[in-house]
Every structure is written in structure tokens, then in C-alpha cells.
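No lab work stands behind these numbers, since they all come straight from the coordinates. The shown structure was predicted, so the numbers you read here are calculated from the model rather than taken from an experiment. Virtual Cβ from ideal backbone geometry, glycine too; neighbours counted across all protein chains shown.
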Amino acid sequence: MEQKFDGTPKAELRLEGRRVTRSDVANDWGLMLRWVVKRDGKEIATVAARADATYEHPDKTPGHYEIELQTWKYVNYAKDAKGEFTVSKFVTISNVVKYKI
């Protein structure tokens, strides 16, 4: 069976202190959702986001933080010599929220 990507998934993030809340995902493909956390531009964590609509990153290291929501876009199983997917990938489906500690 072929995966059909009807519409583009979209969610809105709201920041309250360090706690991020996501809206329901419109046009949800039903694949993996994850929070992506960056500090000073470098990815430091990915956390499953399907089960909970809120997330608070526990790290209190000083820096500039960014959090976004991503979903998996499966196209096919093509992989390179290292075993990394070459076509299927995570795509950002939300705004990026930022805060500073």
C-alpha cells in the first residue's frame, strides 16, 4: 500500500515560560511526531511528541533555546552505505519557539 500525503501537516506552538504546547496537527499523516530542541543553534535533544501535547526541556544550561515540531515523511526505504535514509526524512511542521536561560 502506498503512503499518500494529502495536505501538509501543520501545528502551532505556544511557549509559556519553558513549557511548549502544540495544537492538534492539521492534515496529520499519522507518522512519528517529535520535538526537536536546539541550544545555541546545535541540536541537543529529540523527544517523542505524539502522546503528549506539551513538553518542557529539563536542561537548564544557559543559552539560547529553540524548539520545533517535526514529523516523519516516509517516501521509500532507500539508504546510503551508512544505513541513513536518502529520501525519507523528518520535516518541520510548526513555527519555532525560542527562549533564553
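Across region 11-101, how many lysine pairs separated by 8 or more positions, or lying on different chains, have Cα atoms within less than 20 Å?
13
What is the distance, in nm, between label points placed 7 Å from the Cα along the Cα-to-Cβ direction at A45 and at D6?
3.6
Where the only charges are on Cβ atoms (+1 Lys, Arg; -1 Asp, Glu), what is the dipole of the chain about its Cα centre, to the nearest 20 debye? Working shown, then result.
Details: 18 positive and 15 negative charges, 56 e Å.
For the chain, the charge dipole is close to 260 debye.
May I ask you to list the aspartates and glutamates whose Cα is less than 13 Å away from that of K10, ignoring any residue fewer than eight positions away on the same chain?
Filter leaves D24, D28, E68.
Provide the net charge surrounding D52, with neighbours chosen by a C-beta distance below 12 Å and charges set as Lys +1, Arg +1, Asp -1, Glu -1.
+3
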